[in-house]
1. So, of the residues in the range 114-140 that are under 20 Å from Phe231 (Cβ atoms) and free of Cβ contacts under 8 Å to residues at least 24 places away in the same chain, which turns out to be surrounded by the fewest Cβ atoms within 10 Å (Cβ to Cβ)?
2. Check whether at least one residue in the range 13-31 is within 22 Å of the chain's Cα centre (by Cα), farther than 30 Å from Glu291 by Cβ, modelled with pLDDT under 95 and of a type in the set (Asp, Glu), and report yes or no.
3. Report, by residue number, each residue of the range 253-262 that is surrounded by fewer than 21 Cβ atoms within 10 Å (Cβ to Cβ) and either assigned to a helix (DSSP H, G or I) or not β-branched (Val, Ile, Thr) (or both).
4. Run Gly158 past the list (1) among the small types (Gly, Ala, Ser); (2) out of contact with any helix residue (DSSP H, G or I) (no Cβ under 7 Å at 6 or more places or on another chain); (3) modelled with pLDDT of 80 or more and report the number of the one that doesn't hold.
5. Need pairs with beta-carbon distance below 7 Å; first residue touching a residue at least 12 places away in the same chain (Cβ under 8 Å) and within the range 307-318, second part of a helix (DSSP H, G or I) and not hydrophobic (A, V, I, L, M, F, W, C); sequence gap 6+ or separate chains.
6. What pairs come out if I take residues in the range 174-189 that are basic (Lys, Arg) and pair them with residues that are surrounded by 14 or more Cβ atoms within 10 Å (Cβ to Cβ) and assigned to a loop (DSSP other than H, G, I, E, B) whose C-beta lies under 9 Å away, six or more apart or interchain?
7. Looking only at the range 291-306, count how many residues are more than 20 Å from the chain's Cα centre (by Cα), farther than 15 Å from Tyr79 by Cβ and either surrounded by 15 or more Cβ atoms within 10 Å (Cβ to Cβ) or among the β-branched types (Val, Ile, Thr) (or both).
8. Report yes if some residue within the range 220-242 is more than 27 Å from Gly49 (Cβ to Cβ), in contact (Cβ under 8 Å) with a residue 60 or more places away in the chain and crowded, with 20+ Cβ neighbours inside 10 Å; otherwise report no.
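The values are calculated or read from the model by the stated rules, or taken from the named source; none is laboratory data. Please read these numbers as outputs of a predicted model, since none were measured by experiment. Ideal geometry is used to build each Cβ from the backbone, glycine not excepted, and the neighbour counts take in all protein chains shown.
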Amino acid sequence: MVWGIFISIILVLLALDLGVFNRKAHVISYQEAAKWTAFWVSLSLLFSGVIYWLYLGNHIDNPDNYTATDAFWKYLQGYLLELSLSVDNVFVIAVIFRAFNVPSMYQHRVLFWGIIGAIVFRALMIFFGIWLIHKVDWVTYVFGAFLIYTAYKMAFGGDMNFNPKDSKILKILRRWMPVTQHIEGQKLFITRLGVTAATPLFLALIVIEFTDILFALDSIPAILAITSDPFIVFSSNIMAILGLRSMYFFLANIMDKFEALKYSLAVILTYVGIKMLLHHYIKDNGLAIPEWLSLSIILVSLLGGIFYSIYKNKQVEKNQ
């Protein structure tokens, strides 16, 4: 019942977004993006109150026997973690749009369908990951080590050289479907002389979908280090994804001013990776990491990266 209501509300919000507020293609201004970002973040944070109510009144399955307070903090940690890991995704989306010369007025439509695909793929990955953790104990060590490796690559891997047009999936797509060379409005496909062809918008959409799957390989194990409760994992993940579009338009043009954020994300991934590696030891010895500590590490890491980036930018401006 709760699952059905939650998914229905998400579908209604998406329908309103595309069919009412963004029915006509237009350039999303910085001010508009800021308003929508504030809306989605506020809605997501308010949803933590719904989580508290659901677990307080036993209105949903509670496999880990969380108290309402536990569920509340788990959700907040999961949401902030997923939101912070979306920062890298924003940068990659900007690269993809530039590579395919997608006009700003059509970018929202591509991201909308990208979000739909992301919800489906992440739902599958979440439930498979939860099943795997419950069936194979040692997989937590694999996830933990992978997160630490990802953190290392993020911090010390150097600049990213990413050309979306070299994607193997696009080479496969072009073998069985004609592709136009020009943008045809906001259409993903066009039909001429009985032949259906994909447009550059569809190519951009496909690359965005597959890069999101790659990012999910980091974010899903990360949130599973916080909780394996299906509803908390799914809802926190989806609420973060819903705000990704507005966050993209809000951050895309200023991402280069926050270079230190990659170190913040590396710290966060290292922490959750270590937490996952120590999961069995902590559990077997009756220990527990306070929820406020995990949330504080996420917040302090993010704020530290933001403020240090601002400081470095000011230093560069003084030296010019």
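1. Lys135
2. Yes: one or more hits.
3. Taking the range 253-262 and keeping what is surrounded by fewer than 21 Cβ atoms within 10 Å (Cβ to Cβ), we get 253-260, 262.
Passing the criteria: Asn253, Met255, Asp256, Lys257, Phe258, Glu259, Ala260, Lys262.
4. Tallying (1) among the small types (Gly, Ala, Ser); (2) out of contact with any helix residue (DSSP H, G or I) (no Cβ under 7 Å at 6 or more places or on another chain); (3) modelled with pLDDT of 80 or more, Gly158 fails exactly one: (3).
5. Ser309/Lys257; Asn313/Lys257
6. That search, which allows pairs on different chains as well, returns Lys187/Thr199.
7. Going through the range 291-306 one residue at a time, the tally reaches 1.
8. Residues of the range 220-242 more than 27 Å from Gly49 (Cβ to Cβ): 221.
Right, trim to in contact (Cβ under 8 Å) with a residue 60 or more places away in the chain and you get 221.
Restricting the remaining residues to those that are crowded, with 20+ Cβ neighbours inside 10 Å gives 221.
Checked against the condition, which is being more than 27 Å from Gly49 (Cβ to Cβ), in contact (Cβ under 8 Å) with a residue 60 or more places away in the chain and crowded, with 20+ Cβ neighbours inside 10 Å, the range 220-242 yields at least one hit.
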